[in-house]
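Read the structure below first, then the notes.
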Amino acid sequence: MNTDISRDAVWREELRTALTAKERTSIPRVVMPQLPADFRVKSNHEVNQGLSQGQAVLEASRCLDCPDPQCIQGCPVSINIPSFIKNIERGEILTAAKILKHTSALPAVCGRVCPQEKQCESRCIYNKMKKQPVAIGYLERFAADFERENIKANNIELRPSATEKNGMDIAVVGSGPAGLSFAGDMIKKGYNVTVYEALHEIGGVLKYGIPEFRLPNIVVEAEIDGLRAEGVNFVKDCIIGKTISYEQLHELGYDGIFVASGAGLPRFMGIPGENYIGIMSANEYLTRINLMGAGRPGEDTPVLKGNRVAVIGGGNTAMDSVRTALRQGSQKAMIVYRRSLEEMPARVEEVHHAQEEGVEFMTLCNPIEYIADEKGRVKAMRVQRMELGEPDASGRRSPVPVEGAVEEIEVDLVIVSVGVSPNPLIPNAIPQLEVSRRGTIVVNEDSMQSSIYDIYAGGDIVRGGATVILAMGDGRRAAAAMDAELRKQR
């Protein structure tokens, strides 16, 4: 089989002529098989079940193999999307997976949690035809899962990369998507890479922030094992800035440092009663359950439960929290969001799944006060009804209070998901590092280099809270820039 992946390859030309454009565009977009809502809310099984090979090949045949593929422009890590899709169409699934791995350290993760509808799929030519775009995310997941299952089924041992080492050592602070993406690129360039993680498991937000019903740990572990096989070294339970200082990293001989310590500092709204028992951040709630096993048999990590749970916010973390609350046994789970459903930043698929599972959406509502019982536990919240006014700087219409429209709602657990701030540990430990007023590390946007020559940074410590794929894009950009700089010094 010809392995040339260029668009000019003979097999690509033959594949394009196998079906007419009319035949390809008449094929309906694949529907992702999923667990029934009444079953999945009582378990932590993954909701989306993945495509069969037949479904994937048919969906791949919808791709028109455009001469100027805009889908690539919409991908923050620049995956060669048509090449991997066309390999699926011709049945070369492992080649498709290899193409994905060339630019993405975490394709099985991205195929599950990336907002493709706002990125690659939003650029698909099918949108101009008023048709549903090619399901790029589903196909990415299929190829990555196929490779993982093939490795497992055939007992294939992952072997270290054959990349020639250049003798230079790089430290990575944080094992979330930015750190893993950076590490994957740098190990391919011949560097010795060590990733330091403060927690007891590798994966960062992929482990503590995203529930298994959306991203199973076995998937994350497989991606990490792939990086280990490439030669990346991982050190757990090590807090850079505390366990090891910036100066000590130099003493250990590191030639460059990439900071990807995330945004683990939760924000609250500062309203009366926010310190009552039964009010916590989404960060704490999800970490206790996802990373520390709260609620699972045999685990002793405590977590508060409630019969009437309100989650404040409208992002993906809010959806994860409210759907987790259902799985923890709540009788009523509500999203309280100050804008309308149309302005909600969460992925459309996550909102749809939450609706299927029975989540109640209280839109155009904003909490203004919490009320507690005699023991100090929250028992109700007062919410202000809102209406949409003029657009704000982001283009979304700003919510404004409706005068006199305040009501009291009974709740016994409130999870606040209104954003996060950067982890302050690294900036505090390195006072000469330039930070913004929001606490983010200031970097050159092209190179991701900070005000200190050997420190680069990316992900939420720079962005203050963003998507997995944007963090990965930062990691790739930083790796390219650091490599170019270090090559000058050799």
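What follows draws every value from the coordinates through simple rules; no lab data is involved. Just so you know, these numbers come straight off a predicted model, no measurement behind them. No Cβ is skipped: glycine too gets one built from the backbone with ideal geometry, and neighbour counts run over all protein chains shown.
Taking a threshold of 27 Å on the Cα-Cα distance, which of the pairs Lys42/Lys118; Lys131/Lys188; Lys98/Lys207; Lys86/Lys130; Lys165/Lys242; Lys98/Lys242 fall above it? Intermediate values should be presented prior to the final figure.
Details: Lys42/Lys118 31 Å; Lys131/Lys188 39 Å; Lys98/Lys207 24 Å; Lys86/Lys130 23 Å; Lys165/Lys242 30 Å; Lys98/Lys242 39 Å.
Among Lys42/Lys118; Lys131/Lys188; Lys98/Lys207; Lys86/Lys130; Lys165/Lys242; Lys98/Lys242, the Cα-Cα distance tops 27 Å for Lys42/Lys118; Lys131/Lys188; Lys165/Lys242; Lys98/Lys242.
Taking 0.36 nm per intervening residue step and subtracting the Cα-Cα distance, what contour gain separates Thr17 from Ile371 on full extension? Walk me through the numbers before you get to the answer.
On the way: separation 354, 0.36 × 354 = 127.44 nm, distance 6.72 nm.
Gain on stretching Thr17 to Ile371: 120.7 nm.
Grab the Cα-Cα distance for Lys42 and Asp446, subtract it from 0.36 nm times how many residues apart they are, and report the gain in nm with one decimal. Can you show the working numbers first?
Details: separation 404, 0.36 × 404 = 145.44 nm, distance 4.59 nm.
Here the segment from Lys42 to Asp446 would lengthen by 140.8 nm.
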Looking only at the chain, where both bridge partners belong to it, what percent of the DSSP beta bridges are antiparallel (to the nearest 5)?
40 percent
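Which whole-number percent gives the relative contact order of region 10-153, counting Cα pairs below 8 Å spaced six or more residues apart?
On the way: 186 pairs, mean separation 37.2, N = 144.
This gives 26 percent for region 10-153.
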Quick one: which residues, 5+ away or cross-chain, put their amide H under 5 Å from the amide H of Glu369? H built at 1.01 Å from N.
Arg382
The summed charge of the Gln116 Cβ neighbourhood (under 14 Å; Lys/Arg +1, Asp/Glu -1) stands at 0
Order by neighbour count: Leu388, Leu158, Leu425, fewest other Cβ atoms within 10 Å first, most last.
Leu158, Leu388, Leu425
Most packed first (mean Cβ within 10 Å per residue), the peptides 40-48, 105-113 order as 105-113, 40-48
Skipping prolines and chain starts, which residues have an amide H placed within reach, meaning under 5 Å, of the one on Leu265, given they are 5 or more residues away or on another chain?
Ser421, Asn423
How large is ³J(HN,Hα) for each residue in region 434-450, as worked out from phi by the Karplus curve 6.51 cos²θ - 1.76 cosθ + 1.60 (θ = phi - 60°), to whole Hz, x for Gly and Pro?
6, 10, 7, 5, 8, x, 7, 6, 7, 9, 6, 5, 7, 9, 6, 7, 8
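How large is the direction-averaged shadow of the alpha-carbon convex hull of region 266-416, in nm²?
Details: hull surface 38.1 nm².
Computed as one quarter of the Cα hull surface, the answer is 9.5 nm².
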Which of the peptides 130-136, 95-101 is most tightly packed, and how do the rest follow, going by the mean number of other Cβ atoms within 10 Å of each residue?
95-101, 130-136
Long-range amide H contacts for Ser281: which residues qualify at under 5 Å (H placed 1.01 Å from N, peptide plane, sequence gap of 5 or more or a different chain)?
Val416
Could you pull the Cα extents of region 90-247 along its three principal axes, largest to smallest, in whole Å?
57, 31, 28
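Could you tally the net charge around Lys242, taking each other residue with its Cβ under 15 Å from the Cβ of Lys242, Lys/Arg +1 and Asp/Glu -1? Mind showing how you got there, number by number?
Details: positive: Lys236; negative: Glu197, Asp237, Glu247.
Taking every other residue near Lys242 into account, the sum is -2.
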The exposure ranking of Asp145, Asp474, Asp38, Asp300, fewest beta-carbon neighbours within 10 Å first, is Asp300, Asp38, Asp145, Asp474
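Starting with the highest mean, order 72-84, 243-255 by the number of other Cβ atoms within 10 Å, averaged over the residues of each peptide.
On the way: 72-84: 21.2, 243-255: 14.3.
Most protected by this proxy first, the peptides run 72-84, 243-255.
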